[in-house]
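*Asks:* Let me give you the structure first, and then I'll get to my questions.
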Amino acid sequence: MTDYIIALDQGTTSSRAIIFDKKGSIISVGQKEHEQIMPRAGWVEHDPIEIRDNMREVIGIALGRANLTRHDIAAIGITNQRETAVVWDKNTGIPVYNAIVWQDTRTQPIVNRLAGDKGVERYKDIVGLPLATYFSGTKIVWILENVEGAREKAEAGDLIFGTTDTWVLWNLTGGPSGGIHATDVTNASHTLFMDLETLEWRADILADFGVPRSMMPEIRSSSEVYGEARDTSLLRETPVAGILGDQQAAAFGQAAFDAGESKNTYGTGNFLIFQTGTEIVRSENGLLTTIGYKLGDGPTHYALEGSIAVTGSLIQWLRDQLGIIATAPEVEKLALSVEDNGGVYFVPAFSGLYAPYWRPDARGAIVGLTRYANRGHLSRAALEATAFQTREVLDAVNADSGVDLAELKVDGGMIANDTLMQFQADILGVPVVRPVIAETTALGAAYAAGLAVGFWNDLDELRANWQEDKRWTPNDDAPERERQLRLWKKAVTKSMDWVDDDVR
Ligand SMILES: Nc1ncnc2c1ncn2[C@@H]1O[C@H](COP(=O)(O)OP(=O)(O)OP(=O)(O)O)[C@@H](O)[C@H]1O
Ligand SMILES: [Mg+2]
């Protein structure tokens, strides 16, 4: 009996395979971290072969832990870190370079060149995005221009590009022998190349970037049968039936389907998705216009997105680079060892600032330091930075939509931190709500796959799976909220204007 769906979550820090039942409950998980390769300041890479092999392994772990086989699995859903770019030889399956990760800022000179006199918003009406290092398109250009022989091979039609959903799908469905080279509309919407209205690659933008059309995957919906896993996979003959970029997947997993519904995910970075229904809403306040989801032949659902580059990764930085904590959860204890932030504000503009500022010239800044400040204050400031950045994104959403959000649905690794979630509610002035199944990213991909094969019948069935687990209610100290926010905004100004010709 095919009583389960398996979701493959190819994330920034790890790859996971999660098996769900009809209620959306987790049956088993396989998870493996991969190396974060940082060859120099601003560069972040992953080894695609390591990711491919980890994905195979975690599928085995998830099946093994649940004592299930492929015969129990109705369909496979894929979700992924969205803008991370892989370019590989379609004849051999070997990447020509490491995956260039979304946080990587090496393509800033390419962005500047493409912006020219027209500015970074030159394609915004078509693709919903400003030109920025964040998106995958600029990373393809870097590989074509910097890897020896890549341009020639690409022009000859031998190289293909994919974000990691495409990399996983292609390998799962046959690789060099017939692998399916496709992506879904949500991933395509973060390349800088897809027209939001037609859902097709724009030949003119590809030409401006110098990217051959033959490199690009086919754009498909988020929920349909793309093909079957190949004969050598543990999941052989199982249909791959859903793909959603991780943030859109989390919104789907939160059952935020309709216009006005939203979620905020606290992972490596923070990403707020606000569904706008079948209408394309252009942001006036620094948000991206993107695709929410598209189910088979159904209508395209659009969304506004507030992307924050650094939130959970700042906690990893405290752990790995400063060594003041041994594990991420320890940050809470350290933060609670002091009464307040001691006047310290930490602006983690490690990749410049994303929403709502979009300032590539910003870099990380810790301000307000005095002789009094200690590790506790620094930890506190690091946690508070997540909440302040979220507040600024929520303000942008409220301004763009014209309605104030009444509460915030949250998910992701950082929501385990009670102190952060309470502070978040306090700084927003609205309640923060966590669902019972907090693995919403994988769940969303499972939902997309399950809908395509009739495992679930409609969105109402999925809505019924959503249950509230915990709610953090804000305090009513509005003056303190405003005081802190003002100081935060002042700190943000101190991080700007840092990168100039002398900064490498
Ligand atoms: N108790 C905690 N307090 C603060 N931050 C935490 C805590 N536990 C985990 N984190 C942070 O949460 C992040 C992991 O969350 P999650 O697994 O949702 O990340 P992710 O972005 O989905 O990862 P991936 O990119 O691999 O998908 C890490 O950056 C970690 O530092
Ligand atoms: Mg994730």
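Read the figures in this text as sums done on the coordinates, not as results from a lab. Quick caveat, the model's predicted, so the values are computed rather than measured. Positions of Cβ are backbone-derived with ideal geometry, glycine not excepted, and every protein chain shown enters the neighbour counts.
*Asks:* Given that compact globular proteins tend to follow 2.2 N^0.38 Å, what is the ratio of the alpha-carbon Rg of the stretch 392-502 to that value?
*Replies:* My calculation over the Cα atoms of the stretch 392-502 gives 1.41.
*Asks:* If you put +1 on each Lys and Arg Cβ and -1 on each Asp and Glu Cβ, how big is the dipole of the stretch 77-232 around its Cα centre, in Debye rounded to 20?
*Replies:* Values: 14 positive and 22 negative charges, 63 e Å.
Here the size comes out at about 300 debye.
*Asks:* Still on this structure, please answer the following. If I take the Cα coordinates of the stretch 50-192 and project them onto the principal axes, what are the three extents in Å, biggest first?
*Replies:* So the three principal-axis extents are 59, 31, 22 Å.
*Asks:* From the phi of every residue in the stretch 17-30, what ³J(HN,Hα) in whole Hz does the Karplus formula 6.51 cos²θ - 1.76 cosθ + 1.60 yield, where θ is phi - 60° and glycine or proline is x?
*Replies:* After applying 6.51 cos²θ - 1.76 cosθ + 1.60, I find 10, 10, 9, 10, 9, 5, 6, x, 7, 7, 8, 6, 9, x Hz.
*Asks:* The stretch 357-431 to the stretch 39-95: how many Å between their Cα centroids?
*Replies:* First find each Cα centre; the distance between them is then 31 Å.
*Asks:* While we're looking at this one, here's another question. Any idea what diffusion coefficient the stretch 214-337 gets from Stokes-Einstein, in µm²/s, Kirkwood Rh on alpha carbon pairs, 20 °C, 1.002 mPa s? Present the calculation step by step, with values, prior to reporting the outcome.
*Replies:* On the way: Rh = 17.2 Å.
D, rounded to a whole number, is 125 µm²/s.
*Asks:* Of the listed peptides 14-24, 166-176, what is their order by residue-averaged count of other C-beta atoms within 10 Å, with the highest listed first? If you can, show how the numbers build up before the last one.
*Replies:* Numbers: 14-24: 21.2, 166-176: 23.6.
Highest to lowest by the protection proxy: 166-176, 14-24.
*Asks:* Okay, next question. Among 435-448, 222-235, 204-217, how do they line up by average Cβ neighbours within 10 Å per residue, starting with the highest? Mind showing how you got there, number by number?
*Replies:* Values: 435-448: 28.0, 222-235: 19.5, 204-217: 17.3.
Packing order, densest peptide first, comes out as 435-448, 222-235, 204-217.
*Asks:* Step by step: find N for the stretch 321-417, compute 2.2 N^0.38 Å, then divide the Cα radius of gyration by it. What's the final number? Show your work: numbers first, answer last.
*Replies:* Details: Rg = 15.1 Å, N = 97, 2.2 N^0.38 = 12.5 Å.
Relative to the rule-of-thumb radius for its length, the stretch 321-417 sits at 1.21.
*Asks:* Moving to a separate point now. Hey, if you put +1 on the Cβ of every Lys and Arg and -1 on every Asp and Glu Cβ in the stretch 95-243, which of LEU196, ALA207, THR173 ends up farthest toward the positive end of that dipole?
*Replies:* Projecting each Cα onto the dipole axis, the largest value belongs to ALA207.
*Asks:* What FRET efficiency would be calculated for the residue pair ARG483, ASP320, taking the C-beta separation as r and a Förster radius of 30 Å, to the nearest 0.05? All intermediate terms of the calculation are to be shown ahead of the outcome.
*Replies:* Details: r = 33 Å, r/R0 = 1.09.
In this case the efficiency is close to 0.35.
*Asks:* Could you give the dipole magnitude of the stretch 110-165 about its Cα centre, charging the beta-carbon of Lys and Arg +1 and that of Asp and Glu -1, in debye to the nearest 20?
*Replies:* Approximately 200 debye in magnitude.
*Asks:* If you don't mind, there's one more thing I want to ask. Taking every Cα atom in the stretch 409-474, find the radius of gyration and the maximum pairwise distance Dmax, and write them in Å.
*Replies:* Radius of gyration, then largest Cα-Cα span, for the stretch 409-474: 14.3, 43 Å.
*Asks:* For the stretch 218-284, take N as its residue count and report Rg(C-alpha) divided by 2.2 N^0.38 Å.
*Replies:* Details: Rg = 15.5 Å, N = 67, 2.2 N^0.38 = 10.9 Å.
Normalised by 2.2 N^0.38 Å, the Cα Rg of the stretch 218-284 equals 1.42.
*Asks:* ILE27's amide H: which non-local residues (gap 5+, or another chain) put their own amide H closer than 5 Å, with H modeled 1.01 Å from N in plane and none for Pro or chain starts?
*Replies:* Counting only residues 5 or more places away or on other chains, the set is ILE19, PHE20, ASP21.
*Asks:* What is the log10 of I(q)/I(0) for the chain, computed with the Debye formula using one identical point scatterer on each Cα and no solvent, at q = 0.08, 0.13 Å⁻¹?
*Replies:* -0.45, -1.28
*Asks:* Write down, largest first, the equivalent ellipsoid semi-axes of the stretch 142-260 in whole Å, where each equals the square root of 5 times an eigenvalue of the alpha-carbon gyration tensor.
*Replies:* On the way: eigenvalues 131, 92, 24 Å².
Each semi-axis is √(5λ); the values are 26, 21, 11 Å.
*Asks:* For the chain, what relative contact order do you get, as a whole percent, if you take Cα pairs closer than 8 Å and at least 6 residues apart?
*Replies:* The value is 15 percent.
*Asks:* Nearest 5 is fine: what % of DSSP beta bridges in the chain come out antiparallel, could you say? Don't skip to the answer; put the middle values down first.
*Replies:* Numbers: 52 of 73 bridges.
Of those bridges, close to 70 percent are antiparallel.
*Asks:* Right, another one. Please report the equivalent ellipsoid semi-axes of the stretch 145-213, computed as sqrt(5 x eigenvalue) of the Cα gyration tensor, largest first, in whole Å. Please report the intermediate quantities before stating the final value.
*Replies:* Details: eigenvalues 80, 72, 18 Å².
Gyration-tensor ellipsoid for the stretch 145-213: 20, 19, 9 Å.
*Asks:* Calculate, in nm to one decimal, what ASP231 and GLU330 gain on full extension: separation in residues at 0.36 nm each, minus their alpha carbon distance.
*Replies:* 31.2 nm
*Asks:* Further question: Which FRET efficiency, nearest 0.05, do GLU279 and GLU218 yield, Cβ-Cβ r, R0 22 Å?
*Replies:* Values: r = 26 Å, r/R0 = 1.18.
Once rounded, the FRET efficiency stands at 0.25.
*Asks:* Using the Cα centre of the chain as origin and beta-carbon charges of +1 (Lys, Arg) and -1 (Asp, Glu), tell me which of GLY343, PRO217, GLN422 is placed farthest towards the positive end of the dipole.
*Replies:* GLY343
*Asks:* Only bridges whose two residues both fall in the stretch 240-362 count here: according to DSSP, what percent of them are antiparallel, nearest 5? Can you show the working numbers first?
*Replies:* Working: 19 of 20 bridges.
Approximately 95 percent, going by the DSSP bridge assignments.
*Asks:* Let me ask something else. Over all directions, how big on average is the projection of the convex hull of the alpha-carbon atoms in the stretch 35-123, in square nanometres?
*Replies:* On the way: hull surface 36.2 nm².
Mean projected area for the stretch 35-123: 9.1 nm², to one decimal.
*Asks:* Here is a further query. Give me the orientation-averaged projected area of the Cα convex hull of the stretch 194-246, in nm², one decimal.
*Replies:* Working: hull surface 21.2 nm².
Taking a quarter of the hull surface, the average projection is 5.3 nm².
*Asks:* If you don't mind, there's one more thing I want to ask. For the residue pair TYR372 and VAL436, what label-to-label distance in nm results when each label sits 7 Å from Cα along the Cα-to-beta-carbon direction?
*Replies:* Using points 7 Å along Cα→Cβ, the separation is 4.7 nm.
*Asks:* Which value at 222 nm does the chain reach when only helices count, each DSSP H run of 4 or more adding -39,500 (n - 2.57), with the total divided by all residues and rounded to the nearest 500 deg cm²/dmol? Before the final figure, lay out each step's value.
*Replies:* Numbers: 16 runs with 162 residues, N = 504.
Mean residue ellipticity at 222 nm (helix-derived): -9500 deg cm²/dmol.
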